[in-house]
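Trainee: Pasting a structure below so you can have a look.
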Amino acid sequence: MVTPLIIHSSANPIFKKLMALHTARGIRRHGEFLVAGPKIVGEALRQERDSVTAWIAPPDLPPPPAELRQVKRVLLTKELFRKVNSFGAPGAVLTLRLKDLPAFEPQAPWPTGCTLFIPFGDPENVGAAIRAAAGLGAARVVLLQEAACPFLPKAVRASAGAIWKIRLESGPGLAELAGIYGALFALDLPSEEGESLNNVKPPERYGLVAGMEGQGLPEALRRMAQRVYIPMAGGVESLNAAVAVAIALWAWR
């Protein structure tokens, strides 16, 4: 078993790096991201064991499982560990090596099913939408330039490990989707220009995009894409972004 690194000070560069992994900039800089919580840690070990770079824990936790005995071990004081494990999830925290996402190629053949385009700036909405896409049978998720990093702790937690269960690609900006070739549906607020999801049958291969939280869809995209909406009871203007995506995927599954 690897001899653990024991860290007592917040000035330690390893601790500083771990804290930097709470930001998209830190994740890009160091090429790693954090995973916490028994369910997601277990999923990481099943799906991406070779990508695990470190096992981080307080001194009173048991040693890592046998398959991680050769991975770097970092022991933090309880106070420092609480800062790294910001959600207070039980058990150890892992760091995983970040893999580059393949770029979305609009001219390449689209896979059968739904290509979900995500522009959400809230990492929890990003994670929840990825989870819905994986659970409801979407073909892939394209993260647009506006989207929060899907490997932020909040996004990974909200995805419940679904980041490893569906193809993720990096895409263009939201407004640029107006020029792509293919059947593209824009999830919008109810209006005379749009059509209820219940009245639309998507083709075998199609794209679905929702607007950004609070800002909605760019005007160019609203003009070019086929606009659809979720019929709702009176008095409710809109739904949470990730919830709306999940409903649309369920309706068209």
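Trainee: Does segment 21-36 hold any residues that are closer than 16 Å to ALA54 by Cβ and under 18 Å from the mean Cα position of the chain (by Cα), and which are they?
Mentor: Within segment 21-36, LEU21, HIS22, GLY26, ILE27, GLY31, GLU32, PHE33, LEU34, VAL35, ALA36 meet the criteria.
Trainee: Filter segment 241-253 down to the residues that are loosely packed, with under 15 Cβ neighbours inside 10 Å and in a loop (DSSP other than H, G, I, E, B) and list them by number.
Mentor: ARG253 - this is the single residue of segment 241-253 that is loosely packed, with under 15 Cβ neighbours inside 10 Å and in a loop (DSSP other than H, G, I, E, B).
Trainee: Still on this model: Test LEU177 against the criterion of being touching a residue at least 40 places away in the same chain (Cβ under 8 Å) and either crowded, with 19+ Cβ neighbours inside 10 Å or aromatic (Phe, Trp, Tyr) (or both), and give yes or no.
Mentor: yes
Trainee: Continuing with this model, one more query. Is it fair to say LEU168 is in a loop (DSSP other than H, G, I, E, B) and modelled with pLDDT of 95 or more?
Mentor: On the way: in a loop (DSSP other than H, G, I, E, B): no; modelled with pLDDT of 95 or more: yes.
No; evaluated as a whole, the condition is false for this residue.
Trainee: Can you work out which of the residues in segment 51-84 that are over 21 Å from LYS17 (Cβ atoms) and not hydrophobic (A, V, I, L, M, F, W, C) is modelled with the highest pLDDT?
Mentor: Applying the first criterion (over 21 Å from LYS17 (Cβ atoms)) to segment 51-84 yields 60, 62-63, 65-67, 69.
Checking which are not hydrophobic (A, V, I, L, M, F, W, C) leaves us with 60, 62-63, 65, 67, 69.
Numbers: ASP60: 92, PRO62: 89, PRO63: 88, PRO65: 88, GLU67: 86, ARG69: 85.
The selected residue is ASP60.
Trainee: Across segment 176-221, which residue is nearest to ARG140 (Cα to Cα) among those that are charged (D, E, K, R) and assigned to a loop (DSSP other than H, G, I, E, B)?
Mentor: Per the criteria, the residue is GLU204.
Trainee: Of the residues that make up segment 150-172, is at least one surrounded by fewer than 22 Cβ atoms within 10 Å (Cβ to Cβ), in contact with a strand residue (DSSP E or B) (Cβ under 8 Å, 6 or more places away or on another chain) and among the small types (Gly, Ala, Ser)?
Mentor: yes
Trainee: Consider SER170 against the criteria (1) of a type in the set (S, T, N, Q); (2) under 18 Å from ARG97 (Cα atoms); (3) touching a helix residue (DSSP H, G or I) at 6+ places or on another chain (Cβ under 9 Å): it satisfies all of them except one. Which criterion is unmet?
Mentor: Every listed condition holds for SER170 apart from (3).
Trainee: Moving on to the next point. Looking at segment 14-70 only, could you name the residues that are surrounded by 14 or more Cβ atoms within 10 Å (Cβ to Cβ), of a type in the set (S, T, N, Q) and not in a helix (DSSP H, G or I)?
Mentor: Selection gives THR53 alone.
Trainee: Looking at segment 154-205 only, could you name the residues that are under 27 Å from GLU124 (Cβ atoms) and polar (S, T, N, Q)?
Mentor: Correct list: SER159, SER170.
Trainee: Here is a check on your reading of the model: is ALA132 in the same structural domain as ASN240 (by TED's automatic domain parsing), within 18 Å of LEU34 (Cβ to Cβ) and modelled with pLDDT of 95 or more?
Mentor: Numbers: in the same structural domain as ASN240 (by TED's automatic domain parsing): yes; within 18 Å of LEU34 (Cβ to Cβ): no; modelled with pLDDT of 95 or more: yes.
No: the conditions fail for ALA132.
Trainee: If I filter segment 224-236 for residues that are part of a helix (DSSP H, G or I), modelled with pLDDT under 90 and in contact with a helix residue (DSSP H, G or I) (Cβ under 8 Å, 6 or more places away or on another chain), do I get at least one hit?
Mentor: Restricting attention to segment 224-236, the residues satisfying the condition of being part of a helix (DSSP H, G or I) are 224.
Then drop every residue that is not modelled with pLDDT under 90, which leaves 224.
Pick out the ones that are also in contact with a helix residue (DSSP H, G or I) (Cβ under 8 Å, 6 or more places away or on another chain) and you get 224.
Among the residues of segment 224-236, at least one is part of a helix (DSSP H, G or I), modelled with pLDDT under 90 and in contact with a helix residue (DSSP H, G or I) (Cβ under 8 Å, 6 or more places away or on another chain), which makes the answer yes.
Quick grid of which residues meet (1) in contact with an Asp or Glu (Cβ under 8 Å, 6 or more places away or on another chain); (2) over 19 Å from GLU48 (Cα atoms); (3) of a type in the set (Gly, Ala, Ser):
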site: PRO59; (1), (2), (3): no, yes, no
site: ASN85; (1), (2), (3): no, yes, no
site: ALA92; (1), (2), (3): no, no, yes
site: PHE104; (1), (2), (3): yes, yes, no
site: ALA108; (1), (2), (3): no, yes, yes
site: GLU124; (1), (2), (3): no, yes, no
site: GLU146; (1), (2), (3): no, yes, no
site: ALA155; (1), (2), (3): yes, no, yes
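Trainee: Kindly provide the set of residues from segment 213-229 that are touching a residue at least 24 places away in the same chain (Cβ under 8 Å), closer than 24 Å to ALA148 by Cβ and surrounded by fewer than 19 Cβ atoms within 10 Å (Cβ to Cβ), ordered by number.
Mentor: To start, the set of residues in segment 213-229 that are touching a residue at least 24 places away in the same chain (Cβ under 8 Å) comprises 213, 216-218, 220-229.
Now restrict to residues that are closer than 24 Å to ALA148 by Cβ: 213, 216-218, 220-222, 225.
Listed by number, the residues that qualify are GLU213, GLY216, ALA220, ARG222.
The values are calculated or read from the model by the stated rules, or taken from the named source; none is laboratory data. Quantities reported herein were computed from a predicted structural model and do not represent experimental measurements. Because the Cβ atoms are built from the backbone with ideal geometry, glycine has one as well, and the counts that use them run over all protein chains shown.
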